[in-house]
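> To start, I am sharing the structure in question, which I have written as C-alpha cells.
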Amino acid sequence: MTSMTDTQTLTRTATPATELAATMAAIGQRARVAAAALALAPAAAKVAALRAAAQAVRDEAAGILAANAEDLAAATRAGIGAALLDRLALDPKRLAAVATGLEDIAALPDPIGRVLADWTRPNGLHISRVSVPLGVIGIIYESRPNVTADAGGLAVKSGNAAILRGGSESFHSSHALVAALRRGLCAAGLPEDAIQLVPTRERAAVGMMLTMNGVIDIIVPRGGASLIERVQRESRIPVIAHLEGLCHTYLHAAADPQKARAIVLNAKMRRVSICGATETLLIDRTVARTLLPPILADLHEAGCEVRGDAEVRAIDSAAAPATEADWRTEYLDAILAVHVVGGLDEAVAHVNRYGSHHTDAIVTEDAAAAERFLAEIDSAIVLVNASTQFADGGEFGMGAEIGISTQRLPPRGPVGAAELTTYKYLVRGTGQVRP
C-alpha cells in the first residue's frame, strides 16, 4: 500500500492522469490476487484477522484520533456544516464502538460455503447451490470514518477484497483505520492487500474505479444523492446503491401517546446526521390536537426546528411553514417536517410518493393497521412501534453494515457479510451423459 509520505505527496501535487491510472491499475491487480487467496481462507483465519484488527484499533487509538482531529480541523476551516462534522467526528467512545463492531463481525457465522439449497435429479445428479464471495468490492463513500472499518471488516468476513475510496474530508482518519485493518490481516497470515485505500483525494479516481470492470466485481456507493446518481450513471460495474434516508414516522389514530412521544423524539433527535433519522412526521387528523403538543414541545426543547403544514401551525405557533420541498428533503439536521393526514390510506400514499424507500415506521395499537402499513409501504425497512434509528446493520444483528440498499433487486436493506456473497452450483455425478 502507498505509504503516508507518498500519499501526502500525491495529494499536494497535481497527479498526472497516467500516474493515477497506473496507481489504480496496481491497486486493482493486488486486490484480485488478495481476493483469490481470501476466498479460500479458513473461517478461523478471518476471525483472527478481525479480532487482531479490533485490537490494533484500540492500540493505535491515539494516532487514529489525532488523524481525525486533523480532518476535523480542515473541515472546520472549509466551512463544513455541523451535521457533516458530526458524521466525520471520532471520539474515544465512537472509536471503541468501531473496535467492538469488528469483533461483532468476527463473531458472526461464516457466510461462505453455506449450502443454500440442494436436491437430486431423477438421473442421479446431485446439485447444490453454495455461497461464495463476490470477489473485489469497490466501496465509494462520503466522510464517515466508521464506514472504513465496517466496510473493510465485512469484506474480510465475506472473503472479498475491498478497494475503499472514502470522502476527502475523512482522508487521514480512513488512512489510519485502514492501517489497523491491514495490521490485523498480517497478524492472521492473510494478504494485507485484501483491504486497500485509494491514496488520493482526486475525484478522477472515482471515475477510474467505475470503469475497472474485469477487476472490480461490484460497486457499493454510500452517500448523498449526487454521489449515487454519478455512480449509477457512469459505472460499467453492477451497483448496490445506498440512497438517501428520507424516513417517515406515522402516528396512527390508535397510537399509544407515551410510545409516540418517546419514539418521535428518538427517531429525530438521537442522532440527526444518520440516514435512519426521521425527516417527516405524519399524524392522523383525529388525534393531532391531543398528541402533537407534547411531542412538539419535546422537539423544541431538544433544539429541533419544526416545519408544519397549516393544521400543524394552528396547533403549534412556533412551527415554521412547510413547503412542498420539505416533504422531499433529507435534512440530516435538527429539522423535522410535520404533516397532518386523513388516515392510513393518505399516510401510505404520502410515504410512497415522497420517501426514498429506505426506512419508515408506524406507531399504532391497531394490529390490522400495522399489518397494512407493513404490506403497503414500499421501503427496504418498515417498522411498527419502534424508532427509525434502528435502521442499522449492527442493530439487526449483522455486526455492521456496508450500507442500506434502497434498490428493489437484492440485496435490499442492511448489507452485511451474508449479503456480500453470490453463489455457484456444484453438480456431482456418477458418469451421467445427457441423452
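Where a number appears in this text, it was derived from the coordinates with a stated rule and is not lab data. This is a predicted model, so every value here is computed, not measured. Every residue, glycine among them, receives a Cβ derived from its backbone with ideal geometry; neighbour counts consider all protein chains shown.
> Report the full-extension gain for the segment K93 to D256: residue separation times 0.36 nm, less the Cα-Cα distance, to one decimal in nm. Working shown, then result.
Values: separation 163, 0.36 × 163 = 58.68 nm, distance 3.38 nm.
Between K93 and D256, full extension yields an extra 55.3 nm.
> Over the chain, what relative contact order in percent results from Cα pairs under 8 Å that are six or more residues apart? Before the final figure, lay out the partial values.
On the way: 903 pairs, mean separation 81.4, N = 435.
Dividing the mean separation by the residue count of the chain yields 19 percent.
> Right, something else. Give the distance, in whole Å, between the Cα centre of the stretch 193-251 and the Cα centre of the stretch 261-303.
32
> Let me spell out the model: positive unit charges on the Cβ of Lys and Arg, negative unit charges on the Cβ of Asp and Glu, origin at the Cα centre of the chain. What dipole size does that give, in debye rounded to 20?
On the way: 41 positive and 47 negative charges, 334 e Å.
Here the chain has a charge dipole of around 1600 debye.
> Among T329, N385, P410, whose Cα lies farthest out toward the positive end of the dipole of the stretch 291-435, if unit charges sit on the beta carbon of Lys, Arg (+1) and Asp, Glu (-1)?
The residue sitting farthest along the positive end of the dipole is P410.
> How would K424, K46 line up from fewest to most surrounding beta-carbon atoms within 10 angstrom? Show your work: numbers first, answer last.
Working: K424 9, K46 25.
Ascending number of Cβ neighbours within 10 Å: K424, K46.
> To continue, here is another question. Between S128 and A66, what's the calculated FRET efficiency when r is the beta-carbon distance and R0 is 56 Å? Round to 0.05. Display every interim value, and only then the final one.
Values: r = 50 Å, r/R0 = 0.89.
Rounded to the nearest 0.05, the efficiency is 0.65.
> Starting from the Cα gyration tensor of the chain, take the square roots of the eigenvalues, sort them a ≥ b ≥ c, and report rounded, prolate or oblate (rounded when a/c is under 1.5, otherwise prolate if a/b is larger than b/c, else oblate).
Values: a/c = 2.10, a/b = 1.37, b/c = 1.53.
Cα axes put the chain in the oblate bin.
> For the stretch 247-396, taking Cα atoms only, what is the radius of gyration to one decimal and the Dmax to the nearest whole Å?
According to the Cα coordinates of the stretch 247-396, Rg and Dmax are 13.5, 40 Å.
> Moving on to the next point. Sort the following peptides by mean Cβ neighbour count (other Cβ atoms within 10 Å, averaged over residues), highest first: 19-29, 267-277. Each step should come with its number before you reach the end.
Working: 19-29: 16.8, 267-277: 21.5.
Taking the mean over residues of other Cβ atoms within 10 Å, the ranking is 267-277, 19-29.
> Here's a follow-up. Show me 75-86, 283-294 ranked by packing, highest mean number of other Cβ atoms within 10 Å first.
Details: 75-86: 13.6, 283-294: 17.3.
Going by the mean number of other Cβ atoms within 10 Å, highest first, we get 283-294, 75-86.
> At 0.36 nm per residue, minus the direct Cα-Cα distance, what do R121 and E229 gain on full extension? Give it in nm, one decimal, please. Could you put the intermediate results ahead of the total?
Working: separation 108, 0.36 × 108 = 38.88 nm, distance 4.50 nm.
Separation in residues times 0.36 nm, less the Cα-Cα distance, equals 34.4 nm.
> Once you wrap a convex hull around the alpha carbon atoms of the stretch 6-148, what is its projected area averaged over all directions, in nm²? Show your work: numbers first, answer last.
Numbers: hull surface 52.4 nm².
Taking the Cα atoms of the stretch 6-148, their convex hull projects to 13.1 nm² on average.
> Can you work out the FRET efficiency for the pair R114 and A204, with r the C-beta to C-beta distance and R0 = 51 Å, to the nearest 0.05?
So the FRET efficiency works out to roughly 0.85.
> Moving on. Would you mind calculating the gained length between A187 and T18 on full extension (0.36 nm times residue separation, minus the Cα-Cα distance), in nm to one decimal?
Values: separation 169, 0.36 × 169 = 60.84 nm, distance 3.45 nm.
Roughly 57.4 nm would be gained on extension.
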